[in-house]
1. Being under 21 Å from G150 (Cα atoms) and out of contact with any strand residue (DSSP E or B) (no Cβ under 7 Å at 6 or more places or on another chain) narrows it down to one of T30, T80, T17, T40, so name that one.
2. Looking at L128, is it closer than 29 Å to R143 by Cβ and over 14 Å from the mean Cα position of the chain (by Cα)?
3. Considering the range 140-167 alone, what residues qualify as being part of a helix (DSSP H, G or I) and surrounded by 15 or more Cβ atoms within 10 Å (Cβ to Cβ)?
4. Residues being of a type in the set (A, V, I, L, M), in a helix (DSSP H, G or I) and in contact with a strand residue (DSSP E or B) (Cβ under 7 Å, 6 or more places away or on another chain): count how many of those fall in the range 113-131.
5. Applying the selection to the range 166-181, what residues are of a type in the set (D, E, K, R) and at pLDDT below 85?
6. Looking only at the range 134-165, filter to residues that are touching a helix residue (DSSP H, G or I) at 6+ places or on another chain (Cβ under 6 Å) and among the small types (G, A, S); which one of those is modelled with the highest pLDDT?
7. Being in contact with a Phe, Trp or Tyr (Cβ under 8 Å, 6 or more places away or on another chain), among the aliphatic types (A, V, I, L, M) and either surrounded by fewer than 15 Cβ atoms within 10 Å (Cβ to Cβ) or not in a strand (DSSP E or B) (or both) narrows it down to one residue among L110, L86; which is it?
8. Any idea which of V48, V77 is under 24 Å from G117 (Cβ atoms), of a type in the set (V, I, T) and surrounded by 15 or more Cβ atoms within 10 Å (Cβ to Cβ)?
Amino acid sequence: MTNTMSISTPTIQPDPTLGPIVRKAVADRTFANLATASATGRAHVAGVLYALAEGSLWISTLRSSRKARNVAENPAVAVTVPVGRLPVGPPASVAVQGRGTIVPLDDPRLRRLAASGALKAVTSHGELDLDGGCFIEVQLPARVPAYGLGMPLLRFLRDPLAAGRVALVEWDEGQILEHTG
């Protein structure tokens, strides 16, 4: 006999004031945790540096890395950007599920973004000339879960269970980018 339990969670309505706060938090940072999984479901999480450009996170890596191999097998990824507010209490965060794509170093779009300076955080140390290098582009959804952002710090510390919220984010050029998958 199999005992299964179904838990229904209500859909959280997006907070209309939170989108710009979430976008700024992600744009102002360059460190995140990237979660990937192999085709067989073996999970992997790694700290990465990123740049936000054209509605995507751009991450430099080696084509032979576990994260790149996983994305090639299974494009479903998750990214968490920690957002420290003060040296007390838990950090706030932005956590998204997106689609990762392997981008070769000679890709024209990658080269255009790098030449414009949009990818400086992940191209200023020779990443574009890295033997065996590539980039992972993580396409970001419009609907973005956030934890602790947009709320007073004291309320966040006193009521961390109420800190989960959802934003609709315009990632680039004033357009909400729809996530498909």
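The values are calculated or read from the model by the stated rules, or taken from the named source; none is laboratory data. These numbers were taken from a predicted model, which means no experiment stands behind them. Here the Cβ is made from the backbone with ideal geometry for all residues, glycine too, and neighbour counts use every protein chain on show.
1. Numbers: T30 fails: out of contact with any strand residue (DSSP E or B) (no Cβ under 7 Å at 6 or more places or on another chain); T80 fails: out of contact with any strand residue (DSSP E or B) (no Cβ under 7 Å at 6 or more places or on another chain); T40 fails: under 21 Å from G150 (Cα atoms).
Going through T30, T80, T17, T40 in turn, the sole match is T17.
2. Taking the combined requirement at face value, the residue does not satisfy it.
3. So in the range 140-167, the residues part of a helix (DSSP H, G or I) come out as 153-158, 160-162.
Within the range 140-167, F156, L157 meet the criteria.
4. The number of residues fulfilling the criteria is 3.
5. First, the residues of the range 166-181 that are of a type in the set (D, E, K, R): 170, 172-173, 178.
Correct list: D172, E173, E178.
6. The residue in question is A146.
7. L110
8. Numbers: V77 fails: under 24 Å from G117 (Cβ atoms).
After ruling out the rest, the residue left standing is V48.
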